Amino acid sequence: MVPYLFMGFGALLVATALMVVLHRNPVTSALFLVLSFCSLAGIYLLLQAEFLGFVQIIVYAGAIMVLFLFVIMYLNLPHDVEHGAHIALRRGIGWMVGALLLLFSLLLARRGWSPGPEAALLPGAEHGNAGAIGRALYSRYLFPFEITSMLLLVAMVGAIVLTKTRRPAGEERP
Amino acid sequence: MIPIGWTLTLSAVLFCIGVAGVLVRRNALVIFMSIELMLNAANLAFVAFAHQMRSLDGQIFVFFVMTVAAAEVAVGLAIIVNVFRLRETVFVDEINLLKG
């Protein structure tokens, strides 16, 4: 059962990721990206990363993609119009680089992965692993966790400062 | 149990699609989405190894990567909005002030 689910989610993931890159309309690309994030969340669930699966849907498919769609609609973009020899050349180079990279990684994959040590189960795997992740975050990874909060604060302030419209110097603030 | 080779191959395919997207597309927003695809490919590899090694550390790294991705998207989209206000375009071919 699990391998079939994995194959289904994987096929959906690759198909939607390709559609993100191939589709002309940025809004459609963004919606396909939502679908690919959801299938990736399914794969996380199959890999016993329950917490990450749900965070993937909440943070990526929810928050980040809403931000993307909001900006796309705010900018009200025309479709990608691409033609001419030099665009075709660049597009050819792009796909070739991607295919070469894929070839190399598949060659690497064929050499086999060394399996690591195996324990019985992930800690707390019977009831989902949110508790275990929380314990690790608040003990061993406390400092990186706090740094992360600083990072988010800086990003928030930075985004607000960057998008603020500047008034001319003489004008009064309301 | 899913063999780790499958997951890592899927991750590699996803990463390559992201690289191709960055190289092929001209719309800065779609390039950004392709970067998200690459970040997610790396996350998938982390989760695969965490599953293989039966360790939580990989999943915690994915958590941090997601936070960094969220911060990156917020700041990056703010920059794109600014560029659009200045140049009325988000096509990276037309944003060429630094070319001299």
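The values are calculated or read from the model by the stated rules, or taken from the named source; none is laboratory data. Quick caveat, the model's predicted, so the values are computed rather than measured. All Cβ positions, even for glycine, are placed from backbone atoms using ideal geometry, and neighbour counts span all protein chains on display. The protein model used for the area step is the full one, side chains on, heavy atoms only, and it has no ligands, DNA or RNA in it. Shrake-Rupley method; radii C 1.70, N 1.55, O 1.52, S 1.80 Å.
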Exercise for review: Could you order B:ILE79, A:ILE43, B:ILE4 so the one with the most accessible surface comes first? Probe is 1.4 Å.
Suggested key: B:ILE79, B:ILE4, A:ILE43
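Let me spell out the model: positive unit charges on the Cβ of Lys and Arg, negative unit charges on the Cβ of Asp and Glu, origin at the Cα centre of the protein assembly as shown. What dipole size does that give, in debye rounded to 20? Don't skip to the end; give the middle numbers.
On the way: 17 positive and 14 negative charges, 95 e Å.
It works out to roughly 460 debye.
What is the percent of Cα-Cα separations in segment A:1-76 that go past 18 Å?
Working: 1251 of 2850 pairs.
Percent of Cα pairs beyond 18 Å in segment A:1-76: 44.
Sort A:TYR141, A:TYR4 by accessible area with a 1.4 Å probe, largest first. Spell out each step's value before the answer.
Values: A:TYR141 30, A:TYR4 165 Å².
Sorted by accessible area, descending: A:TYR4, A:TYR141.
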Review point. With Cβ to Cβ distances under 14 Å as the rule, what net charge do the other residues near B:ILE17 carry (K, R +1; D, E -1)?
Key: 0
Point to revise | With all protein chains modelled, accessible area of B:ILE95 [1.4 Å, Å²] | key: 70
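From the C-alpha coordinates alone, can you work out the Kirkwood hydrodynamic radius of chain B, in Å? Working shown, then result.
Working: mean 1/r = 0.0660 Å⁻¹.
Value: 15.2 Å, from the Cα pair sum.
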Check your understanding: Given a 1.4 Å probe and the protein chains all in place, what does the accessible area of B:MET1 round to, in Å² to the nearest 10?
Key -> 120
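At a Förster distance of 25 Å, what's the computed FRET efficiency of A:ALA130 paired with B:VAL68, Cβ-Cβ distance as r, to 0.05? Intermediate results must be reported in sequence, preceding the final value.
Working: r = 21 Å, r/R0 = 0.83.
Once the sixth-power term is evaluated, E becomes 0.75.
Interface size between chain B and chain A, please: total buried accessible area, 1.4 Å probe, rounded to the nearest 100 Å².
Numbers: alone 7140 and 14140 Å², together 14380 Å².
Between B and A, the summed buried area is about 6900 Å².
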**Study point:** Listed residues A:LEU106, A:LEU137 arranged by accessible area, highest first, probe 1.4 Å
**Key:** A:LEU106, A:LEU137
Check your understanding: Can you tell me the accessible area per residue over the protein assembly as shown, all protein chains present, probe 1.4 angstrom, in square angstrom?
Key -> 52
**Study point:** Mean-position separation - Cα centroids, segment A:29-79 and segment B:1-76, in angstrom
**Key:** 12
Check your understanding: Over the Cα atoms of the protein assembly as shown, how large are the radius of gyration and the largest Cα-Cα distance (Dmax), in Å?
Key -> 20.3, 70
Review point. For the protein assembly as shown, what % of the accessible area comes from carbon and sulfur atoms, probe 1.4 Å?
Key: 73
Study note, to complete from the structure: SASA check, B:MET53, accessible area w/ 1.4 Å probe, all protein chains in place, rounded to nearest 10 Å², comes out at 80
